[in-house]
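Rule-based calculations on the coordinates, nothing more; no lab input. The model shown is predicted, which means the values in this text are computed figures rather than measured ones. Note that we place each Cβ from the backbone using ideal geometry, even for glycine, and neighbour counts take in every protein chain shown.
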Ligand code: 9MR
């Protein structure tokens, strides 16, 4: 990538030297991973772990290790897998995940203690009396939480306890033990490991649904009763389809996270995936990337959103094709563990913040700069470094490093809005705002005022050529080598 960039930047040895130092970031040697960028922002980035793949697939193990600082056993801690027969414990697969996490300094989210699914038949087949069932649940919670005390930092104590209409789900637990089972479960878990964070986890509450209202009221009431509940997990299983329903792009995730944080609990995205209706095409993969980016942005925007977990890191091991026939390709890495647009978007969503960089036009090797009040392209150097100040997802003000003088759409002349000027920066005005839109191996700089792209007049390659706004199709792109998350 860096090498091909150098080959683009022109002929003169001096120019090549200047651009080379300007575009290669000091950190180029160590490529940023989801883990490094998330850690830099104090966020736990996690993945559900397929225990069989962990055992057999080195490539998978490496991805898990380098890309994530949190893991959730996808199935290994479910009741059916740890106590298939009464009193017969089979911890090996869960233990393997916890050991792996310890070796690699990863947090473990324990999943899950009380659920209507993943039950051994001796629990679900009705052979236990109500009293025996309650005792079995208490023993299950205490045994499991104690075993991993100090090693599992967070537990999904209760999972999917709400119905779509916001009332409690008519599960075996509600029917046999009554609604008090939820408070009991949290209290038993707290007693078994007072240091673990205890969560309620559910799906379909990421936007304004009756279920979200039910979940909100439940958490509020439990807290008011002094039940030890520390967090709310939003599973965030999502999908891309055509036409897109309003809820799909997760436009309300941020406000939902904020709403629940207002109850004084932590919040987390616990099972993020974005499934596609098969067959896959480029458009769907791009739309999927946007949803991953949005989820990352939503969590980062809410101080109490402490972790963001993918429900599988790769299409190679996925619950989707069998769980939702006709759908698939839901995860950030493909079946060969290669990076999909979703991975790149997720990473850049995690790094979306102010940065300084040169902006090198790929057609000319010259840098976006100013000459007086005129926006021009100039030979690249330290004076051409620009501050990109984030105002919204992918949207920036572009200014001199002091943040005083900004790139701005010029006053329209004879109704033509194509000029660019330098002006004192002003917040909240779209004339000063540009979207960085990935294109080819760079970014288009798209004016929020008129959706046109920044380009040298007549595609000039000359130093000093004036910059203007032109229709975006076919516009040369800009290389922003120091943009965070730059692939
Ligand atoms: O991904 C899990 C799949 O492998 C299991 O067969 C299934 C049943 O145990 O559970 C899947 O994970 C679910 C999670 O535990 C709770 N939320 C929904 C997840 C996807 O179905």
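Return the whole-Å distance between the Cα centroid of the stretch 446-487 and the Cα centroid of the stretch 147-210.
So the separation of the two Cα centres works out to 51 Å.
Calculate the spin-label point distance for residue 426 paired with residue 66, positioning each point 7 Å from the Cα along the beta-carbon direction, and give it in nanometres.
4.8
Please report the equivalent ellipsoid semi-axes of the chain, computed as sqrt(5 x eigenvalue) of the Cα gyration tensor, largest first, in whole Å. Don't jump to the answer; show the numbers that get you there.
Numbers: eigenvalues 494, 105, 70 Å².
The three semi-axes for the chain are 50, 23, 19 Å.
Let me check against my output: what whole-number percent is the relative contact order of the stretch 385-430, with C-alpha pairs under 8 Å and at least 6 apart? Don't skip to the answer; put the middle values down first.
Values: 66 pairs, mean separation 12.1, N = 46.
For the stretch 385-430, the relative contact order is 26 percent.
Helix 181-192 versus the longest principal axis of the chain: what angle, 0 to 90°, nearest 10, using Cα atoms?
Value to nearest ten degrees: 80.
Show that you can apply the helix-only estimate: for the chain, add -39,500 (n - 2.57) for every DSSP H stretch of four or more residues, divide by all residues, and state [θ] at 222 nm to the nearest 500. Don't skip to the end; give the middle numbers.
Values: 16 runs with 155 residues, N = 487.
Dividing the helical sum by the residues of the chain leaves -9000 deg cm²/dmol.
Calculate how large, on average over all directions, the projected area of the Cα convex hull of the stretch 66-124 is; give the answer in nm² to one decimal.
On the way: hull surface 16.5 nm².
Answer in nm², one decimal: 4.1.
How big is the gap, in Å, between the Cα center of the stretch 293-327 and the Cα center of the stretch 58-93?
Distance between centres, Cα-based: 18 Å.
In what sequence do 363, 140, 111 fall when counting other Cβ within 10 Å, fewest first?
Values: 363 17, 140 20, 111 28.
With the fewest neighbours first, 363, 140, 111 line up as 363, 140, 111.
With a Förster radius of 22 Å, plug the Cβ-Cβ distance of residue 322 and residue 281 into 1/(1 + (r/R0)^6) and report the FRET value to the nearest 0.05.
Values: r = 22 Å, r/R0 = 1.01.
For R0 = 22 Å, the calculated efficiency reads 0.50.
Just to be sure I understand: of the beta bridges DSSP finds with both ends in the stretch 26-179, what percent are antiparallel, rounded to 5? Could you put the intermediate results ahead of the total?
On the way: 2 of 12 bridges.
Roughly 15 percent of the DSSP beta bridges within the stretch 26-179 come out antiparallel.
Measuring from label point to label point, each 7 Å out along Cα→Cβ, what is the residue 220 to residue 131 span in nm?
If labels sit at residue 220 and residue 131, their model points lie 3.9 nm apart.
Once the Cα atoms of helix 282-300 and of the chain are each reduced to a long axis, what angle between those two axes, in degrees from 0 to 90 to the nearest 10, is obtained?
70
At 0.36 nm per residue, and after removing the present C-alpha to C-alpha distance, how many nm does the segment from residue 164 to residue 411 gain when stretched out fully?
Separation in residues times 0.36 nm, less the Cα-Cα distance, equals 83.7 nm.
Restricting to the chain, what percent of DSSP beta bridges are antiparallel, rounded to 5?
Working: 45 of 81 bridges.
Among the beta bridges of the chain, antiparallel pairing accounts for roughly 55 percent.
With every atom except the alpha carbons ignored, what do you get for Rg and Dmax of the stretch 379-487, in angstroms?
Here Rg and the maximum Cα pair distance are 13.3, 41 Å.
Once you place label points 7 Å from the Cα toward the Cβ at residue 259 and residue 175, how far apart are they in nm?
Computed distance between label sites residue 259 and residue 175 equals 3.0 nm.
Compare the peptides 231-238, 41-48, 164-171, 428-435 by average per-residue count of other Cβ atoms within 10 angstrom and give them in order, highest first.
231-238, 41-48, 428-435, 164-171
Round to the nearest 10 and give me the degree value, 0 to 90, for the angle of helix 13-23's Cα axis relative to the longest principal axis of the chain.
For 13-23 against the chain, the angle is about 30 degrees.
Note the full-extension length gain between residue 457 and residue 124 as 0.36 nm times their separation in residues minus their Cα-Cα distance, in nm to one decimal. Working shown, then result.
Values: separation 333, 0.36 × 333 = 119.88 nm, distance 7.18 nm.
Separation in residues times 0.36 nm, less the Cα-Cα distance, equals 112.7 nm.
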